[in-house]
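For reference, the structure discussed in these notes is given below.
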Amino acid sequence: MLENKALISQLEKTQTLSKQEFTELIAHHTEEDAQFLFERARVARERVFGKSVYLRGLIEISNYCANDCYYCGIRRSNETADRYRLTEEDILACCEEGYQLGFRTFVMQGGEDAHFTDEVMVQIIRNIKSHFPDCAITLSLGERTKERYQKLFDAGADRYLLRHETANAQHYAQLHPAWMSHARRIQCLWDLKEIGYQVGTGFMVGSPYQTPELLAEDLLFIKELQPQMVGIGPFVPHHATPFANETGGTVEQTLFMLGLLRLMMPQLLLPSTTALGTIDKTGREKGLLAGANVVMPNLSPVSVRKKYDLYDNKICTGDESAQCVNCLGVRIASTGYKIDVNRGDAPGW
Ligand code: SAH
């Protein structure tokens, strides 16, 4: 077995490692190994993206959800959740505000809310595209059939985010009720790719029952899927879920996984997530310095932000969108990177 720095160099060169090698590296590394990884990850990201950080405006369209993920604060069984959904007018107003602030990608994310039928979504997508033809639309609305994803794509949606959550079916079953299917979720990702979406997947770092070996499986699944984006952030417990008393993920482990992802797939769009900024005041800056190249400021109306409550203590729930953008601009500048106001499609797209 190679020592850690040699493994990292090998990953940089060959863009993969064996499951055993990934597992070892994740389980046993020093702070010095991590710094070496981040340095190589920055070189890899700058080779593809220069100093650019892409912006995505996140619009949280609904917190109604049919699913019951044990970790998530908007799961259907959480009766204390204060439910809301945005109207088409609300969503367009968010886009208008976002456009003025320089956003060229809008991400509509929500729980699995039956209100947002294909017909409703098609109309919203068409409307956004006609008002903002130079913008990309990303959807993150959970699992649908391939036919339904196709309708949204045909209406003009460009990208779809659906984290696989864990590549391992047994682990999936520990994080979700029995009626939620790992196979179905994975199938959704292949369907989205086949249709022609730019696809984002991802997982939480430090979710209950996760081990270094399971994280290695996540990396290898991502290598196989070849998505354009990967969203990862620490698991953060939510007080009104079955995982209220579980331990959250750490900054260190999340950064390390970001670095590995960057070296494994240098062209990835890799957000430095709000969850990372929640567990560490400068978590998002650290994420950018570990290989991330995307930030997703919140564009939702301030009146609903606290209600899109996936985990406790979520940041940026009290600020106007303009404040969020200014604050992030300062944070990004402090890393030596800079906001890129282009659409920020995947390389070659
Ligand atoms: N309904 C959509 C959007 C889910 S919310 C879907 O199914 O894809 C977006 C992501 O938030 C989830 O994929 C999950 O990985 C993450 N998330 C949920 N609860 C969380 C928690 N307690 N801590 C950290 N991340 C969480």
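The values are calculated or read from the model by the stated rules, or taken from the named source; none is laboratory data. Please read all numbers here as calculations on a predicted model, not as lab measurements. Cβ coordinates were reconstructed from backbone atoms using ideal geometry, including for glycine residues, and neighbour counts include every protein chain displayed.
Within the stretch 202-232, which residues are aromatic (F, W, Y) and within 24 Å of L55 (Cβ to Cβ)?
At the first step, the residues of the stretch 202-232 found to be aromatic (F, W, Y) are 203, 209, 221.
Matches in the stretch 202-232: F203 only.
Considering only residues that are surrounded by 17 or more Cβ atoms within 10 Å (Cβ to Cβ) and within 20 Å of S300 (Cα to Cα), which ones fall in the stretch 66-84?
C72, G73, I74, R75, A81, Y84
How about the stretch 244-290: which helices (runs of 4 or more DSSP H) wholly inside it have at least 1 residues that are closer than 18 Å to T317 by Cβ, of a type in the set (K, R) and within 15 Å of the ligand (Cβ to nearest atom)?
283-289
So which pairs qualify, if the first residue must be in the stretch 234-251 and within 17 Å of G202 (Cα to Cα), the second must be among the hydroxyl-bearing types (S, T, Y) and within 7 Å of the ligand (Cβ to nearest atom), the Cβ gap must be under 7 Å, and the two must be at least 6 apart or on different chains?
Every condition considered, the pairs that remain are F235/Y71; V236/Y311.
Counting only residues that are over 23 Å from A346 (Cα atoms), crowded, with 20+ Cβ neighbours inside 10 Å and touching a helix residue (DSSP H, G or I) at 6+ places or on another chain (Cβ under 9 Å), how many does the stretch 276-303 have?
Selection size over the stretch 276-303: 4.
Report, by residue number, each residue of the stretch 28-47 that is surrounded by 15 or more Cβ atoms within 10 Å (Cβ to Cβ) and either touching a residue at least 60 places away in the same chain (Cβ under 8 Å) or at positive phi (or both).
Scanning the stretch 28-47 gives H29, A34, L37, F38, R40, A41, R42, A44, R45.
Which of the numbered conditions does V330 fail, given that it passes all the others? Conditions: (1) free of Cβ contacts under 8 Å to residues at least 12 places away in the same chain; (2) in contact with a Leu (Cβ under 9 Å, 6 or more places away or on another chain).
Every listed condition holds for V330 apart from (2).
Of (1) modelled with pLDDT under 95; (2) crowded, with 17+ Cβ neighbours inside 10 Å, L2 satisfies all except one. Which?
Of the numbered conditions (1) modelled with pLDDT under 95; (2) crowded, with 17+ Cβ neighbours inside 10 Å, the odd one out for L2 is (2).
Does the stretch 20-27 include one or more residues that are touching a strand residue (DSSP E or B) at 6+ places or on another chain (Cβ under 6 Å) and either in contact (Cβ under 8 Å) with a residue 24 or more places away in the chain or not basic (K, R) (or both)?
Among the residues of the stretch 20-27, not one is touching a strand residue (DSSP E or B) at 6+ places or on another chain (Cβ under 6 Å) and either in contact (Cβ under 8 Å) with a residue 24 or more places away in the chain or not basic (K, R) (or both), which makes the answer no.
G206: at pLDDT 95 or above, more than 30 Å from H131 (Cβ to Cβ) and either in contact with a Pro (Cβ under 6 Å, 6 or more places away or on another chain) or among the basic types (K, R) (or both), yes or no? Lay out the reasoning, then the answer.
Values: at pLDDT 95 or above: yes; more than 30 Å from H131 (Cβ to Cβ): yes; either in contact with a Pro (Cβ under 6 Å, 6 or more places away or on another chain) or among the basic types (K, R) (or both): yes.
So G206 passes the test.
With the checklist (1) within 26 Å of P208 (Cβ to Cβ); (2) of a type in the set (A, V, I, L, M); (3) assigned to a helix (DSSP H, G or I) in hand, flag the one item I315 doesn't pass.
(3)
Scanning the stretch 195-229 for residues that are within 13 Å of the ligand (Cβ to nearest atom), of a type in the set (V, I, T) and under 29 Å from K146 (Cβ atoms), which turns out surrounded by the fewest Cβ atoms within 10 Å (Cβ to Cβ)?
For the stretch 195-229, the residue satisfying everything is V199.
Listed residues E88, E79, E96; which is acidic (D, E) and within 30 Å of Q210 (Cα to Cα)?
Criteria check complete, one pass: E79.
Condition (residue is buried (at least 20 other Cβ atoms within 10 Å of the Cβ) and closer than 20 Å to Y160 by Cβ) applied to the stretch 237-258: is it met by at least one residue?
no
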